[in-house]
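Below you'll find the structure, written out as structure tokens, and then a few comments.
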Amino acid sequence: MASSLLDLAPVVPVVVIEDAADAVPLARALVAGGLPAIEVTLRTPAALDAIREIADGVPDAVVGAGTVLTPAHVEESVAAGARFLVSPGWTDVLLEAMRASGVPFLPGVSTTSEVVALLERGVREMKFFPAQAAGGTAYLKSLAGPLPQARFCPTGGIGPGNAPEYLALPNVGCVGGTWMLPPDALAARDWDRVEALAREAAGLRTQV
């Protein structure tokens, strides 16, 4: 894996999988399109099975777990094969569980105080969520001056139209999003379309 999770690809697809049977073809389409880091959110009963399927069946994917909220989520996700963890927010209990897991993690922040608290605890890479609602690129730009050591993966309200603005910021390593996974394409299992949209997303860095 790259030295930093934030450097694997410009975009991390945030995936909600209802049927674990879709996990491998979906992951293959994303990897073929140039997006190897895949965040499977723990929002469905199929999520852990989906992580397991991708970890076992798509060796070029770097599959992680999102919406990690508890130490139990951490333990279950890593046992299923998750290679990174993402949370929408954090507490000291959750942070210690993620740190003890041995895999990279991105705790979620939306305020300056949360960023400072994580820096105090030795964490420099974070998820900025919900990005647009929490102030968007203007907020992140303001953080770069006093807190240049913090790097972010903004997620929430980001699409192909505004992703390049985020990726142009010095403190943004990548963005998270769902736009390469339109519900109608997933329902139709149109993996070719997912791959094409992933390829467009992977090319956003060159627009910066």
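Here are the numbers:
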| read-out | value |
| --- | --- |
| Cross-chain or 6+ apart pairs with Cβ under 8 Å, the range 62-75 first and in contact (Cβ under 8 Å) with a residue 24 or more places away in the chain and surrounded by fewer than 24 Cβ atoms within 10 Å (Cβ to Cβ), then assigned to a strand (DSSP E or B) and among the polar types (S, T, N, Q) | THR67/THR41 |
| Members of the range 28-47 found to be more than 17 Å from SER77 (Cα to Cα) and either of a type outside the set (Lys, Arg) or in contact with a Lys or Arg (Cβ under 6 Å, 6 or more places away or on another chain) (or both), listed by number | ALA29, LEU30, VAL31, ALA32, GLY33, GLY34, LEU35, PRO36 |
| Selected residue (criterion: nearest to the chain's Cα centre (by Cα)) from residues of the range 186-208 that are surrounded by fewer than 19 Cβ atoms within 10 Å (Cβ to Cβ) and of a type in the set (Gly, Ala, Ser) | ALA202 |
| Residue check for VAL16: modelled with pLDDT of 95 or more and touching a helix residue (DSSP H, G or I) at 6+ places or on another chain (Cβ under 7 Å) | no |
| Residues that are in contact (Cβ under 8 Å) with a residue 60 or more places away in the chain and either closer than 19 Å to THR111 by Cβ or out of contact with any Leu (no Cβ under 7 Å at 6 or more places or on another chain) (or both), drawn from the range 153-171 | CYS153, THR155 |
| Looking only at the range 120-166, and only at residues there that are in a helix (DSSP H, G or I) and of a type in the set (D, E, K, R), the one that is nearest to ILE38 (Cα to Cα) | GLU165 |
| Qualifying residue in the range 169-184 (condition: hydrophobic (A, V, I, L, M, F, W, C), in a helix (DSSP H, G or I) and either under 17 Å from the mean Cα position of the chain (by Cα) or closer than 23 Å to TYR139 by Cβ (or both)) | no |
| Selection count where residues are touching a strand residue (DSSP E or B) at 6+ places or on another chain (Cβ under 8 Å) and assigned to a helix (DSSP H, G or I), scope the range 15-30 | 4 |
| Among the residues listed as GLY136, GLY157, the single one being surrounded by 17 or more Cβ atoms within 10 Å (Cβ to Cβ), closer than 24 Å to THR41 by Cα, under 18 Å from the mean Cα position of the chain (by Cα) and not charged (D, E, K, R) | GLY136 |
| Identity of the residue in the range 99-126, charged (D, E, K, R) and either within 15 Å of LEU169 (Cβ to Cβ) or out of contact with any Phe, Trp or Tyr (no Cβ under 9 Å at 6 or more places or on another chain) (or both), that ends up surrounded by the fewest Cβ atoms within 10 Å (Cβ to Cβ) | GLU120 |
| Check on LYS141, crowded, with 21+ Cβ neighbours inside 10 Å and either of a type in the set (D, E, K, R) or modelled with pLDDT under 95 (or both) | no |
| Scope the range 80-103; condition touching a residue at least 24 places away in the same chain (Cβ under 8 Å) and hydroxyl-bearing (Ser, Thr, Tyr); matching residues | SER87, SER101 |
| Condition met for ASP56 (farther than 25 Å from LEU143 by Cα, at pLDDT 95 or above and in contact with a helix residue (DSSP H, G or I) (Cβ under 8 Å, 6 or more places away or on another chain)) | no |
| Breaking point among (1) of a type in the set (A, V, I, L, M); (2) in contact with a Lys or Arg (Cβ under 9 Å, 6 or more places away or on another chain); (3) assigned to a loop (DSSP other than H, G, I, E, B), for VAL68 | (2) |
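The values are calculated or read from the model by the stated rules, or taken from the named source; none is laboratory data. Quantities reported herein were computed from a predicted structural model and do not represent experimental measurements. Backbone-built Cβ (ideal geometry, glycine too); neighbour counts: all protein chains shown.
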